[in-house]
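First the structure, in the form of C-alpha cells, and then the observations on it.
Nothing in this text is a laboratory measurement; each read-out follows from the coordinates by a stated rule. Model, not experiment: these values are computed from the prediction. Backbone-built Cβ (ideal geometry, glycine too); neighbour counts: all protein chains shown.
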Amino acid sequence: MLINSPVDKVTFQNHNFYIKRDDLLAKDFSGNKARKFHYFLKNNFPNIDTVVSYGSNQSNAMYSLSVLAKLKNWKFKYFASHLPSYLKENPNGNYKYAINNNMQLIVDENFTYTTYQAKPNELFIQEGGAISEASFGIKILADEINTWKIENNIKNLKIFLPSGTGTTALFLQKFTDDEVLTCPCVGDSNYLLKQFQELEPQLTFYPTILKTTKKYHFGKLYLENFEIWKKLKNEINIEFDLLYDPIGWNTLLKYFDKFSDYEILYIHQGGLLGNTTMLQRYVRKYEPIK
C-alpha cells in the first residue's frame, strides 16, 4: 500500500522548496494517516474485528480509519461529541466518505477516552493516531527521505511539516539525523510539547517547534490562510490541506531567512477530502456572490 512518494522541486514566493508528496501515496489511503496506520495494515490481528476511535466529525483520521477497517474487513465505531443536523442531512467531506465505508458514528458529548474499556475484539486508536505504533510507518518515511538525500547529493537539509498531535514530526525526528521543524496548528507550543511527552520521554528526539505568526483557533477561518492556500495552488499547481498547511506555510516563510543555507523539504501530509467543507466556508465568508 505504501509507495515511495515522489519529491517535487518548486519555487514559491521566490524561495526554492522540495515537497514530499505523501498526498499521492494511494487514492484512498494517503498522507500522514496512511503512515500512522501502516502498522495495522501490514500486521495480522486475528482476535480483532472492530476498530474504535474518537474525535471531530470531519477528522482526517476518521476517514483513514474507515478505509483501514474496510481493507481489513473490520467494523468501525467512531465517537464524536456532536453532529450538526445540516451535516447529517447533507453529508460531505471526510464524514461522507467515512459513512460510505460503513462507519458507525456514535454521538456522545460525554465520551472520554480515558474511561473507555475496549473489548477483547476491539482495537482502540487514540484521536488523530497519536500512538506508538505510528512509528512503524513514519520510519519508512524517514528511510525514504534519507535515500532521496543520498541519491540527490543533498547535504544540508531541514524537514518541515505542520502538526496537529505532533506524532509524525516526533517520530520523523527520531528516525532522521536532519532537524525536523514543525509548528502547532491545534493549541500552542505547550500543547505540542505535552503530546510529545506522552509518546516519547527522550527530549533529544523532539522536533524544533517554530512559533506561528499568531495564535490560531483550530477550524476557525483566517483570510491570510485562504490567501496563501490559493497562491500555492496557482503558483505551484499543488493543492494543500486547508486546516494545517496554510498555517505551516505562513510560519515557514516567516522563518525562511533563518534557514537560507539549507534545503527545505516540506512534507505534504494529504488530508484533501476535508477541503470540501472548508472551501465552502471560506468562499461563503470571503468570496460571496455579489
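The table below gives the values:
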| quantity | calculated |
| --- | --- |
| Inter-probe distance in nm under a simple model that places probes 7 Å from Cα toward Cβ, at Tyr39 and Phe111 | 2.2 |
| Relative contact order [Cα under 8 Å, 6+ residues apart], the chain, whole percent | 22 |
| Burial ordering of Ser135, Ser30, fewest other beta-carbon atoms within 10 Å first | Ser135, Ser30 |
| Among Thr112, Thr276, Thr165: highest mean-square fluctuation, GNM of the chain, C-alpha pairs under 10 Å | Thr112 |
| Anchor Lys194: aspartates and glutamates whose Cα lies under 16 Å away (excluding residues fewer than 8 positions away in-chain) | Glu127 |
| Cα-based Lys pair tally, the stretch 34-130, threshold under 23 Å, eight or more apart or on separate chains | 23 |
| Estimated [θ] at 222 nm from DSSP helical runs (n ≥ 4, -39500 (n - 2.57)) normalised by residues in the chain, nearest 500 | -11000 deg cm²/dmol |
| Additional length obtainable on full extension of the chain from Leu83 to Gln280, 0.36 nm per residue less Cα span | 69.1 nm |
| Segment Lys254-Asn14, extension gain: residue separation times 0.36 nm, minus the distance between their alpha carbons | 85.1 nm |
| Gain in span if fully extended, Asn102 to Asp49, counting 0.36 nm per residue against the direct Cα distance | 17.7 nm |
| FRET efficiency, 1/(1 + (r/R0)^6) with R0 35 Å, evaluated for Lys231 and Asn90 via beta carbons | 0.70 |
